[in-house]
Amino acid sequence: MIKKYILAIVGFIVVVGILAAVKAAQIKEVSSVVRTVPPIAVTSAVAQSVVWKPLQKAIGTLAPLEGVTLAADADGVVTKIHAESGAAVKEGDLLLELDATVELAQLVAAQAQEKLAELDFKRTTDLVAKSSAPRNQLDLAEAQLAQASAAVNQIKAQIEKKRLRAPFSGRVGIRQVNVGQYVSRGRGLIPLQKLDWMYVNFSVPQRQLPSLVVGQKVTVKVDAFPAGFAGSISAINSEVDAVTRNVSVQALLANPQQQLRSGMFAQVEVELPAGRPQIVVPVTSVSYASYGNSIFVIAKMKDAAGKEYLGVRQEPIKLGDARGDLIAIEEGLKAGEEVVTSGVFKLRNGAEVQINNTNLPSAQVAPKPDNT
């Protein structure tokens, strides 16, 4: 019995030993296989040499081509409002009326006096022609008619002062009065602005004054519409601010859809005349880091065994201006070199890459997203 147990134990040990030997051989075989990291898929672009006109950036404020808050020219009670808030009006349209019942009654009386003076003038004219009345009576009748006509015109002018009309075509703002409200002379009633064209007022340093001319192109961007609006300089101030040493500039831009409104904060870019060649690449090519920015240049390399492969070389760079999806590289890159445009966060110096430019990221100087 004991002998059987001993034989069983020995058999078990032999089986375990055989399994251990087989496993050790498998591990040795796997570990002897040379492991290689597969190439990293990236997109690429060739660095281009382009001439960008230098830009002078400034902060501006939008103002209407014509804008005013219409005020009352006489005291009175508001009886009618013809233009509601936000309405588009044309030059001469009646916007608001004040109570003019007293003036209208006075006008009826004055017109009656004018009619009487006119009849008296005609009768006196006939009498003088027949030598039945002296010449001085005709002069008196003519003067009385002129006085009566002047009285009528005076009352009509007083009535017109109580009718607020649009001095130019534009869009009415939020009215500041209601029907039945008493207003005094000079009080603001309704804002009116012409929005088809807009001014943008901004300031630039005095050193840029020689580079500015009337008609120079500008690009205006606002937070609400980041696509930008094209315009041109319409006026340059004749003096420089003695405190800031900046010169005030005004540019004019079209606003046919009236998207821009007065008072908007704007970012202004003025195209300066002189330009120089710049090496530009897509913004996505840059690897940003606190210790310095870099870029991965694609080039043919050799591994330790002398085998050639397509790899990347990390180069420190100095960045320049950025425009749209492109950025200028002032140092660290030459025109014609191919750089990685996506997947830079996966790369290291000397890593093997595989280029796949089927879906390239956007790289435009003036991109226009579909949702704008």
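What follows draws every value from the coordinates through simple rules; no lab data is involved. Here the structure is a predicted model, which means the values were calculated and not measured. Neighbour counts are summed over all protein chains in view; Cβ atoms, including those assigned to glycine, are modelled from backbone coordinates with ideal geometry.
A few points about this structure:
- 3J(HN,Hα) along the stretch 39-51: x, 8, 6, 9, 9, 9, 8, 9, 5, 10, 9, 10, 9 Hz, from the Karplus curve 6.51 cos²θ - 1.76 cosθ + 1.60 with θ = phi - 60°, whole Hz, x for Gly and Pro.
- Helix axis angle, 2-31 relative to the chain longest principal axis, alpha carbon, degrees: 50 degrees
- Inverse mean reciprocal Cα-Cα distance (Kirkwood Rh) of the stretch 100-161, Å: 12.4 Å
- Principal-axis tilt of helix 101-129 within the chain, Cα atoms, nearest 10 degrees: 40 degrees
- Fluctuation leader among P282, P210, P64 - the chain, Gaussian network, Cα springs under 10 angstrom: P210
- Sites listed here are trypsin sites (Lys or Arg not before Pro) in the stretch 53-138 whose DSSP assignment is loop and whose Cβ has at most 15 other Cβ atoms within 10 Å: K90, K130.
- Cβ-defined net charge surrounding L145, 13 Å radius [Lys, Arg +1; Asp, Glu -1]: -2
- Percentage relative contact order, the stretch 100-161, counting C-alpha pairs under 8 Å, at least six apart: 52 percent
- For the Cα trace of the stretch 109-219, dividing Rg by the Kirkwood Rh returns an Rg/Rh value of 1.38.
- Over 20 Å [Cα-Cα, the stretch 56-140], rounded percent: 66 percent
- The mean sequence distance of close C-alpha pairs (under 8 Å, at least 6 residues apart), as a share of the length of the chain, puts its relative contact order at 25 percent.
- For the residues G170, G17, G60, a GNM of the chain with alpha-carbon springs under 10 Å puts the largest fluctuation on G17.
- Centroid-to-centroid, using Cα positions, the stretch 87-158 and the stretch 183-232 are 48 Å apart.
- GNM result for the chain, Cα springs below 10 Å: residue of D93, D325, D126 fluctuating most strongly: D126
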